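Asker: Got a structure for you, written out below as structure tokens; questions coming shortly.
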Amino acid sequence: MKIERVELHHVSQQLVAPFRTSFGTQIERSCILVAVYSEGLVGWGECPASIEPGYSYETITTAWHILSDFLVPPVIGQEISRPADVAKRFNEVRGHPMAKASLENAVWDLLARAEGVPLSEKLGGQRDRVEVGVSIGIQPTVQALVDRVTEFVDKGYGRIKVKIEPGWELEPLSAIRKQHPTIKLMADANSAFSLDHAGLFQQMDPLNLLMIEQPLYYDDIFDHAKLQAQVNTPICLDESIHSPHHARWAIELKACRIINMKVSRVGGLTHAITIHNMCQEAGIPLWCGGMLETGVGRAANLHLSTMPNFKLPGDISATDRYYVEDVADPPFYLNKEDSTITVPTGPGIGVEVVMERVKKARVKYNEFK
Ligand code: OSB
Ligand code: MG
């Protein structure tokens, strides 16, 4: 298909509740929605970079620049028959995985729509609902956190992840464990600790956590290997894995027993598939992470999660947990009986972007043809 037109929409929306992590508090959430047009069809992808470089070095501004000046030009007007054709053209740009993923994933959606098949089918997916959990930010008090956890457990979430940082770890985790002795519970540090805290993480072993996510520095696979050797709880890497190389290094160094797959963090679905297959071979289970995406990004995440090595619940919650009104329809609901979300069955990502809502939330726009 010839890529006739590409649109970039920077949209900004209020979250239903502030989301505090060890690197900052998000109240408003921006993203770039990428639309790719061909033969009367449109494919969508989402770049979930933040305004600040707190999670990774990418921001909305760097992604806008990299997309406009380096990623859209080699694709516009070109004949694309496979998503890998796009990924190949991006090899000359170092880094910037979230910018790459947004355009590549829009092309995946476009091609799947042209074939009339759901994205999950193109990925070799094997399930029609995906087990999910909820990620809960740092709260003002331990009691407020326990109440928030209970609220989500009552809603049907069978896996709870809570954010931790130095000074907010053992006490809140123990309080949750006391109230909910058997719930699937895990902690995400977003790189806030160092190897000096190994003793603290050993003290978490009796809490029977599903895993500890990214305890150490964002680019430090080496020290995670040292920490994993000292604790029984599985370590899961998020920030440290930005490409198939990083996944291979983490596996060979035994830096983790689980990997959080974020398609945007690894540069798009082509790399995600490579990492999926590598981890499957190595016996490292995956789960799908989230970046507070709109329905566009979360729909792609659901399709990705149908692949066989996604063996743990993902950070893909119901729409009402994120935004009052999502840019895409239909919204996602939690299936209470088994803590799952049903994978859309329509062509491509299987949700439709409502352009009036995009325009309402839009702060910047550009188009290329
Ligand atoms: O570390 O997983 C993370 C959100 C923004 C940036 C980083 C992370 C997160 C989450 C939210 O934990 C997960 C979700 O989208 O529900
Ligand atoms: Mg994380």
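Asker: For the chain, take N as its residue count and report Rg(C-alpha) divided by 2.2 N^0.38 Å.
Answerer: So the chain has a normalised radius of gyration of 0.94.
Asker: What number, in percent, do you get for the relative contact order of the chain if the mean sequence gap of Cα pairs under 8 Å and at least 6 apart is divided by its residue count?
Answerer: 22
Asker: A further question follows. Peptides 233-240, 64-71, 293-300: what's the order by average Cβ count within 10 Å, highest mean first?
Answerer: Working: 233-240: 23.1, 64-71: 17.9, 293-300: 28.0.
Peptide ranking by packing, descending: 293-300, 233-240, 64-71.
Asker: Taking the Cα centre of segment 210-348 as origin, work out the dipole magnitude from +1 charges on Lys and Arg Cβ and -1 charges on Asp and Glu Cβ, in debye rounded to 20.
Answerer: Roughly 400 debye, rounded to the nearest 20.
Asker: While we're here: Out of all DSSP beta bridges with both ends in segment 105-237, state the antiparallel percent to the nearest 5.
Answerer: That works out to approximately 10 percent antiparallel.
Asker: Quote the relative contact order of segment 278-369 in percent (integer), defining contacts as alpha-carbon pairs under 8 Å separated by 6+ residues. Could the numbers behind the result be given before it?
Answerer: Numbers: 107 pairs, mean separation 25.3, N = 92.
Over segment 278-369, the number comes to 27 percent.
Asker: Want the number for residue 147 to residue 226: 0.36 nm per residue separation, take away the alpha-carbon distance, what's left? Let's see the in-between values first.
Answerer: Values: separation 79, 0.36 × 79 = 28.44 nm, distance 3.51 nm.
Separation in residues times 0.36 nm, less the Cα-Cα distance, equals 24.9 nm.
Asker: Here is a follow-up. Assuming a viscosity of 1.306 mPa s and a temperature of 10 °C, what translational diffusion coefficient in µm² per second does Stokes-Einstein assign to segment 304-352, Rh being the Kirkwood radius over Cα pairs?
Answerer: My calculation gives 131 µm²/s for D.
Asker: How many nm is it between the label spots at residue 57 and residue 202, if each spot is 7 Å from the Cα in line with the beta carbon?
Answerer: Each label point is offset 7 Å from its Cα along the Cβ direction, giving 3.6 nm.
Asker: How large is the direction-averaged shadow of the alpha-carbon convex hull of segment 136-178, in nm²? Write down the numbers at each step before the final one.
Answerer: Working: hull surface 11.1 nm².
Mean projected area for segment 136-178: 2.8 nm², to one decimal.
Asker: For Cα pairs less than 8 Å apart in space and 6+ apart in sequence, what is the mean separation divided by the residue count of segment 114-172, i.e. the relative contact order in percent?
Answerer: 39
Asker: Write down the percent of antiparallel bridges among all DSSP beta bridges whose residues are both part of the chain, to the nearest 5.
Answerer: Bridges in the chain are about 60 percent antiparallel.
Asker: Here is a follow-up. Tell me, rounded to the nearest percent, the portion of alpha carbon pairs in segment 234-369 spaced more than 21 Å apart.
Answerer: 46
Asker: As a test of understanding, state the convex hull volume per residue of segment 1-125 from its alpha carbons, in Å³. Intermediate results must be reported in sequence, preceding the final value.
Answerer: Values: hull volume 15.4 nm³, N = 125.
Hull volume normalised by residue count: 123 Å³.
Asker: Follow-up. If you line up the long axis of helix 269-282 against the longest principal axis of the chain, both from Cα atoms, how many degrees apart are they, to the nearest 10?
Answerer: Once rounded, the angle reads 40 degrees.
Asker: Which length gain, in nm to one decimal place, applies between residue 81 and residue 65 when the Cα-Cα distance is subtracted from 0.36 nm times their residue separation?
Answerer: On the way: separation 16, 0.36 × 16 = 5.76 nm, distance 2.59 nm.
Stretched out fully, the residue 81 to residue 65 stretch lengthens by 3.2 nm.
Asker: Continuing with this model, one more query. Considering all alpha-carbon pairs of segment 13-56, what whole percent are spaced by more than 11 angstrom?
Answerer: 72
Asker: If packing is taken as the mean number of other Cβ atoms within 10 Å per residue, what is the order of 84-91, 103-110, highest first? List each step's numbers first, then the result.
Answerer: Values: 84-91: 17.5, 103-110: 29.1.
Sorting 84-91, 103-110 by mean packing, highest first, produces 103-110, 84-91.
Bear in mind that the values in this text are calculations on the coordinates, not laboratory data. Computed from a predicted structure; not experimentally measured. Here the Cβ is made from the backbone with ideal geometry for all residues, glycine too, and neighbour counts use every protein chain on show.
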